[in-house]
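The values are calculated or read from the model by the stated rules, or taken from the named source; none is laboratory data. On a predicted model such as this, the values are computed, not experimentally measured, just so you know. With ideal geometry, Cβ positions are generated from the backbone for all residues, glycine too; neighbour counts draw on all protein chains shown. For the accessible areas, the whole protein counts, side chains as well, though only heavy atoms, and no ligand, DNA or RNA atoms are used. Shrake-Rupley method; radii C 1.70, N 1.55, O 1.52, S 1.80 Å.
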Amino acid sequence: KNEVEQSPQNLTAQEGEFITINCSYSVGISALHWLQQHPGGGIVSLFMLSSGKKKHGRLIATINIQEKHSSLHITASHPRDSAVYICAVFLPNTGNQFYFGTGTSLTVIP
Amino acid sequence: KAGVTQTPRYLIKTRGQQVTLSCSPISGHRSVSWYQQTPGQGLQFLFEYFSETQRNKGNFPGRFSGRQFSNSRSEMNVSTLELGDSALYLCASSFQQGSGANVLTFGAGSRLTVL
């Protein structure tokens, strides 16, 4: 059983396209993170959400607590956005466990 | 401001050996959490340390252990290495306890290969 499900697993887009990556989770959470991992392994934290919506540059993250769903949007995608995007949820009522989705591999073609 | 520093970046060990990995957090950050990433299992939470105390732990065997020093630097140790321990080990730091509820800054990782 996977507490966090991401879709799609792989995504190829043309430069300039609007991209959406989805994350669904099955239990109550206190926070949800969106992470970006480039080839070579380094991880960057993009957003930490507990409600509503956050925006940073061309990236927008939303969360719907009632529906247990979050989305990461990339507007005007660029080849440098090519990376793996990982959703992670924090479950404080289960011993502060931190569960990760399997990631979405995004390739943006020039 | 220096980022999170992990050493060594790459290492190769043989089965049965033990390994120690180090993580120096961002100055002022008191929470350090550790994660294992493998192609098969993806990212998994290992444990979190705050103020030199382990605050929570993921579902890993006792061969995986860690500690945190008074300067917030943390080490993790894996004893009696198995082939399946080959992975990228990442640490992250945050200012407050409860790594999941705070913004995390990740290190570049230590890539362990067990032969």
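Of all the numbered requirements in (1) assigned to a strand (DSSP E or B); (2) within 14 Å of chain B (Cβ to nearest Cβ); (3) open to solvent by 20 Å² or more (accessible area, probe 1.4 Å), residue A:40 misses one, and that requirement is (1). The numbered conditions (1) within 12 Å of chain B (Cβ to nearest Cβ); (2) of a type outside the set (Val, Ile, Thr); (3) closer than 13 Å to residue A:20 by Cα are all true for residue A:59 except (1).
Once the range A:94-109 is narrowed to residues that are at pLDDT 95 or above and open to solvent by 60 Å² or more (accessible area, probe 1.4 Å), the residue that is nearest to the chain's Cα centre (by Cα) is A:107.
Of everything listed in (1) within 24 Å of residue A:35 (Cβ to Cβ); (2) within 14 Å of chain A (Cβ to nearest Cβ); (3) out of contact with any Ser or Thr (no Cβ under 8 Å at 6 or more places or on another chain); (4) at pLDDT below 95, the single unmet condition for residue B:53 is (1). Residues that are open to solvent by 50 Å² or more (accessible area, probe 1.4 Å) and not in a loop (DSSP other than H, G, I, E, B) within the range A:1-19 comprise A:5, A:7, A:10, A:12, A:14, listed in sequence order.
Which one of B:18, B:6 is under 18 Å from residue A:39 (Cα atoms) and either in contact (Cβ under 8 Å) with a residue 12 or more places away in the chain or not aliphatic (A, V, I, L, M) (or both)?
Numbers: B:18 fails: under 18 Å from residue A:39 (Cα atoms).
Among B:18, B:6, only B:6 is under 18 Å from residue A:39 (Cα atoms) and either in contact (Cβ under 8 Å) with a residue 12 or more places away in the chain or not aliphatic (A, V, I, L, M) (or both).
Here is a check on your reading of the model: is residue B:48 in contact (Cβ under 8 Å) with a residue 12 or more places away in the chain, acidic (Asp, Glu) and within 14 Å of another protein chain (Cβ to nearest Cβ)? For residue B:48, the condition - in contact (Cβ under 8 Å) with a residue 12 or more places away in the chain, acidic (Asp, Glu) and within 14 Å of another protein chain (Cβ to nearest Cβ) - is met.
Does residue B:80 meet the test of being touching a residue at least 40 places away in the same chain (Cβ under 8 Å), more than 10 Å from every other protein chain (Cβ to nearest Cβ) and under 28 Å from residue A:9 (Cα atoms)? For residue B:80, the condition - touching a residue at least 40 places away in the same chain (Cβ under 8 Å), more than 10 Å from every other protein chain (Cβ to nearest Cβ) and under 28 Å from residue A:9 (Cα atoms) - is not met. Could you list all residues from the range A:63-72 that are farther than 13 Å from residue A:6 by Cα and surrounded by fewer than 17 Cβ atoms within 10 Å (Cβ to Cβ)? A:64, A:65, A:66, A:67, listed by residue number. Within the range A:73-93, the set of residues being surrounded by fewer than 18 Cβ atoms within 10 Å (Cβ to Cβ), within 14 Å of chain B (Cβ to nearest Cβ) and either in contact with an Asp or Glu (Cβ under 9 Å, 6 or more places away or on another chain) or without any contact (Cβ under 8 Å) to a residue 24 or more places away in the chain (or both) is empty.
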